[in-house]
1. Of everything in segment 241-272, what is among the charged types (D, E, K, R) and over 16 Å from the mean Cα position of the chain (by Cα)? Give them in sequence order.
2. Based on what the data block shows, is Glu127 among the charged types (D, E, K, R) and either within 18 Å of the chain's Cα centre (by Cα) or under 18 Å from Glu42 (Cα atoms) (or both)?
3. Identify the residue in segment 185-201 that is surrounded by fewer than 17 Cβ atoms within 10 Å (Cβ to Cβ) and touching a helix residue (DSSP H, G or I) at 6+ places or on another chain (Cβ under 9 Å) and, among all such residues, is modelled with the highest pLDDT.
4. Which count do you get for residues in segment 132-148 that are among the aliphatic types (A, V, I, L, M) and touching a helix residue (DSSP H, G or I) at 6+ places or on another chain (Cβ under 6 Å)?
5. Could you check how many residues of segment 228-248 are part of a helix (DSSP H, G or I), open to solvent by less than 80 Å² (accessible area, probe 1.4 Å) and modelled with pLDDT of 75 or more?
6. Looking at segment 132-163, which of the residues that are surrounded by fewer than 22 Cβ atoms within 10 Å (Cβ to Cβ) and among the small types (Gly, Ala, Ser) is nearest to Phe43 (Cα to Cα)?
7. Would you mind stating whether Lys223 is open to solvent by 60 Å² or more (accessible area, probe 1.4 Å) and basic (Lys, Arg)?
8. Could you tell me how many of the residues in segment 120-138 are on the phi < 0 side of the Ramachandran plot, in contact with a strand residue (DSSP E or B) (Cβ under 6 Å, 6 or more places away or on another chain) and assigned to a loop (DSSP other than H, G, I, E, B)?
Amino acid sequence: MTDVAEHYTRGEGLAARIAASLKQDGKDLAAITTADLGPVDEFHIRGRKATLELGEALLLGPTTRVLDLGSGLGGPARTLAETWGCHVTGIDLTPEFCRAADEMSGWVGLSDKVRFVQGDATALPFEDNAFDAALTVHVAMNIAAKDKLYAEAHRVLKPGARFAVYDVMQGEGGDIIYPVPWARDASISFVATPDEVGELLVAAGFTRLERIDSTEESLDWFKDVAARIARSGARASSSGIVFGEGFEEMVRNQVQNLTECRIRTVSFLCEA
């Protein structure tokens, strides 16, 4: 197992632990929705709202075949499939994420719309021109070979297909304070600046259509989360299940890094 996969692994039975946390929050698994799963399985900054923005930009429809690079627990994939009726294939390095993602898709009746493959996003097991759209959400921070990541995305997309990148990127405020959700220290953190990412996308063959810095929105989102917890208390079903011990410190550091512009949340919309 790679160091990155090990960082995200909390042992087998992740789906069962998530199910138990949902029941603790009063949810009925027989009537669970993708929105109910969002606090656990959309563990990127700005959560489900950000996923829906990306889906809008990708121009999805019922016949669209989408690739989710670094699909985690499958939250974005399920949200896209449910909202636009598209078929989504997710690939992730962490085996337990893929197993849990498949099981959770069954809970919400989306097993026929989404599938998850364990593998390396820099060496994709798919044919050329296999997909109509692709996205990657908070993944490249753990990937040193971003040139290979974006080149592989370009290879498997049809000409003219759209590719959305939404990641945490290096800001101008200094070195990142660790631990953060994607890394307990700098050894598996490979955060690039927005300019560097933009150049890598063009070098991979993409035409850049749009670049959006959502850092201020991200800070507002964290404030809203903190206010909700202050009002109602923390949910049992949250991304803390994924990140394990030290998650609260990771979140505090994440907010400090954003506030001090040590990191930024930035998205790119590209065309193959």
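1. Once the filter is applied, which keeps residues that are among the charged types (D, E, K, R) and over 16 Å from the mean Cα position of the chain (by Cα), segment 241-272 yields Glu245, Glu248, Glu249, Arg252, Glu260, Arg262, Glu271.
2. no
3. My answer is Glu196.
4. Qualifying residue count for the region: 6.
5. 5
6. Result: Ala144.
7. So Lys223 passes the test.
8. Step one: filter segment 120-138 for residues on the phi < 0 side of the Ramachandran plot, giving 120-128, 130-137.
Then drop every residue that is not in contact with a strand residue (DSSP E or B) (Cβ under 6 Å, 6 or more places away or on another chain), which leaves 121, 131-137.
Remaining after also requiring assigned to a loop (DSSP other than H, G, I, E, B): 121.
The qualifying residues number 1.
The values are calculated or read from the model by the stated rules, or taken from the named source; none is laboratory data. These numbers come from a predicted model, not from an experiment. Ideal geometry is used to build each Cβ from the backbone, glycine not excepted, and the neighbour counts take in all protein chains shown. Please note that ligands, DNA and RNA were not included when accessible areas were found on the heavy atoms of the full protein model with its side chains. Shrake-Rupley method; radii C 1.70, N 1.55, O 1.52, S 1.80 Å.
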